[in-house]
Amino acid sequence: MTVIEASGLRKEFTVRVKSGWLRRRTRIVAAVDGIALSVERGEMVGYIGPNGAGKSTTLKMLTGVLYPSAGQVRVCGLEPVPQRTRLALRIGVVFGQRSQLWWDLPLRDSFALLRHVYAVPATEHAGRLAHCRRLLDLDAFLDVPVRQLSLGQRMRGELTAALLHGPEVLFLDEPTIGLDLVSKQAVRAFLAALGAAGDTTILLTTHDLADIERLCRRLVVIDQGRIVHDGSLDELHARYGSRRRLVVDLDEPLAAPLALPGVTVESTQANGRRITYALDGTTAAGDLVSRLVEAAALRDISVLEPDIEDVVARLYTRQAAP
Amino acid sequence: MRGDDSLAPHATGSRAPSYRAYLALAAAGFQRYATYRQATVAAVVTNSVFGFLRFAVMLAVIDAGTRTVAGYDNRQLATFVWAGQGLIGVVLLWALPEFAERIRTGDVITDLLRPIDPMSQLLAADLGRAGYAVLTRFVVPVVVGALVFDLYAPRRQVTYALFACSTLLATLVCFSCRYLVNAAAYWLLDVRGPQTAWTLTSGIFGGLYFPVWFFPDAMAIGLIVATPFPSVIQIPLDILVERGSPAVQLGLLGVQAGWVVTLLALCRWVQRRGERKLVIQGG
Ligand SMILES: Nc1ncnc2c1ncn2[C@@H]1O[C@H](COP(=O)(O)OP(=O)(O)O)[C@@H](O)[C@H]1O
Ligand SMILES: [Mg+2]
């Protein structure tokens with residue numbers, strides 16, 4: 001079942017620019033420039049791009065707080081802007097820099113209030129809250145007014161608040177922005193578990209690539225309002241020529257170098273007993289390992305995943321590898 | 001659902017916020033102000049101190065021969081001042097433009113993302129706040145006034161009920177006016193202009209600085225019927241001090257009710273226009 005469907009989606013903003021004394025020109029900026037996106041139920045999609053790429057603008061159009069200049073959008077079969085209040089019951093949204101909690105109330109009371117606002121049956125609410133309390137470690141600050149929470153604590157509260165009514169789709173705009181490492185890890189682990197359960201569709205916007213690496217099998221990369229990649233992380237690596245590395249420790253140096261397609265020796269150390277291979281995907285890592293086992297006594301082995309930052313940086317600057 | 005504490009989505013089925021949502025929002029509004037005890041104490045002290053000042057000024061203009069001014073006798077005037085000082089807090093005549101700030105910063109989109117429209121959310125919370133204010137900000141100045149001065153007590157039992165209704169309507173009128181001032185932020189970068197205009201007009205033409213009957217009668221009647229300001233302070237107090245017959249009092253309630261309907265409709269219209277602008281032009 002398709003949960004999010006967009007085609008030809010476009011948003012233009014009119015910005016006024018000063019052009020001399022008292023004179024102003026208006027200029028039209030396309031923040032989102034014709035994107036097509038289709039997300040199936042239960043998918044977890046990373047929506048990434050540099051600052052100003054159009055991520056938040058897209059999310060606002062999908063959640064019904066921004067009207068597209070052109071194109072079609074459907075979320076849960078509803079038209080977001082005209083049917084915003086109906087859609088609100090079926091989606092959860094976290095905008096990293098904004099709070100949906102009541103500033104003066106303890107978290108516990110904010111949650112109780114949300115139960116009524118979303119008309120959630122008491123047992124359902126209690127079940128979800130228990131789950132979030134356990135996985136997000138909320139108990140220590142459940143009775144603290146929101147304004148006194150640290151950013152990391154607040155974000156865990158925000159995630160809970162967005163999930164208590166059992167949304168079919170969760171939209172997260174930069175949920176880890178500004179968080180300390182421990183809170184980042186907690187949020188990522190929580191989202192990983194939620195994604196693994198497989199019945200909540202998640203669209204996660206971020207410019208922190210570490211979020212994506214852990215969480216999302218599908219990656220949509222947006223730059224200057226256009227989608228420049230939509231696929232798996234592996235496909236991204238394949239397309240932009242990034243390489244995985246295999247580091248092997250051998251008891252003795254190899255008698256003769258291995259010749260396998262797409263496998264190159266990047267470096268040798270310890271008199272040839274440690275070799276770093278670079279793989280471009282033509283030969284599977286497993287095949288390389290079995291050839292090595294035949295050729296020498298293998299002591300240790302480790303795989304270094306390609307650096308996603310490199311790949312995306314290359315993508316942004318449109319420099320595909322040869 | 002799998003088990004008791006999974007996060008599986010709500011099984012689809014029609015679900016809509018009910019009156020309970022509004023009750024819960026009102027309770028939260030009550031609780032929010034109840035947590036700020038120091039602010040309540042400060043407001044109550046200020047209102048009481050100004051009660052003495054206002055009453056001193058009123059006594060200065062009272063006619064030495066008839067002991068009345070603009071149709072109020074000494075005791076009615078005392079009640080007008082002291083209940084008025086309490087009423088300021090109940091209707092919340094002066095408030096920080098919080099909603100305008102949410103519009104300015106774009107936080108209003110989180111209000112729009114709830115299944116209840118922003119105006120209803122704020123109205124419910126404001127009624128809860130008013131409930132708390134009745135117990136604190138209204139009671140204290142009235143008790144202080146009663147301890148120090150001879151206040152006018154209503155002669156007719158029904159006056160208490162009418163005053164309660166009138167106070168509720170006054171709260172709704174005041175909420176609407178404040179809402180309109182705040183909603184100006186959809187179009188203006190800064191709402192200090194409308195805010196100042198509201199503070200001055202409501203004070204001068206609403207009966208706060210002095211009863212509108214200090215103006216010529218024709219003007220006072222014109223203000224009461226044709227502007228919302230006297231519905232906030234003047235009318236509830238006139239009802240409390242029993243100025244006019246029960247029929248007149250009912251008529252005044254009718255005027256207030258008319259303003260509530262008109263202003264809430266206007267708020268709704270303005271909010272729609274503001275949202276339209278927001279969703280088209282971006283926050
Ligand atoms: N309300 C607005 N008015 C004018 N320009 C806007 C508005 N909102 C966003 N923009 C512009 O649109 C572009 C995309 O912004 P945004 O979607 O917030 O990017 P991202 O979330 O990817 O960082 C930016 O150039 C931004 O300046
Ligand atoms: Mg953004």
Next item on the list: Have a look at A:Val73, A:Val17, A:Val65 and point out the one that is modelled with pLDDT of 95 or more, more than 16 Å from ligand 2 (Cβ to nearest atom) and among the β-branched types (Val, Ile, Thr).
Entry: A:Val73
Notebook entry, point to check: Inside segment A:76-110, can you point out the residues that are within 16 Å of ligand 2 (Cβ to nearest atom) and surrounded by fewer than 17 Cβ atoms within 10 Å (Cβ to Cβ)?
Noted result: A:Gln97
Note to self: Just checking: which of the helices (runs of 4 or more DSSP H) contained wholly in segment B:216-283 hold 2 or more residues that are within 14 Å of another protein chain (Cβ to nearest Cβ)?
What the structure shows: B:246-281
Notebook entry, point to check: Is segment B:128-148 home to any residue that is out of contact with any Pro (no Cβ under 9 Å at 6 or more places or on another chain), at pLDDT 95 or above and assigned to a loop (DSSP other than H, G, I, E, B)?
Noted result: no
Notebook entry, point to check: Hey, which of the strands (runs of 3 or more DSSP E) in segment A:125-235, taking only ones fully inside, have at least 3 residues that are within 16 Å of ligand 2 (Cβ to nearest atom) and surrounded by 17 or more Cβ atoms within 10 Å (Cβ to Cβ)?
Noted result: A:169-173, A:201-206, A:218-223
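Condition check ((1) within 16 Å of ligand 1 (Cβ to nearest atom); (2) surrounded by 15 or more Cβ atoms within 10 Å (Cβ to Cβ)) across all residues:
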position: B:Ala185; (1), (2): yes, yes
position: B:Thr199; (1), (2): no, no
position: B:Gly206; (1), (2): no, yes
position: B:Ile233; (1), (2): no, yes
position: B:Leu237; (1), (2): no, yes
position: B:Gln271; (1), (2): no, yes
Check: What single numbered condition from (1) within 15 Å of the chain's Cα centre (by Cα); (2) open to solvent by 30 Å² or more (accessible area, probe 1.4 Å) fails to hold for B:Val144?
Finding: (1)
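Quick check, is A:Ser56 within 16 Å of ligand 1 (Cβ to nearest atom) and open to solvent by 10 Å² or more (accessible area, probe 1.4 Å)? Show your work before the answer.
Numbers: within 16 Å of ligand 1 (Cβ to nearest atom): yes; open to solvent by 10 Å² or more (accessible area, probe 1.4 Å): yes.
Yes, satisfied.
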Next item on the list: Go through segment B:21-80 and give me each residue that's buried (at least 18 other Cβ atoms within 10 Å of the Cβ) and among the β-branched types (Val, Ile, Thr).
Entry: B:Thr40, B:Val44, B:Val69, B:Thr79
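The values are calculated or read from the model by the stated rules, or taken from the named source; none is laboratory data. What you are looking at is a predicted structure, and each value in this text was computed from that prediction instead of being measured. FYI the Cβ positions are ideal-geometry reconstructions off the backbone, even for glycines, and counts take in every protein chain you see. The area values use the complete protein model at the heavy-atom level, side chains included, leaving out ligands, DNA and RNA. Shrake-Rupley method; radii C 1.70, N 1.55, O 1.52, S 1.80 Å.
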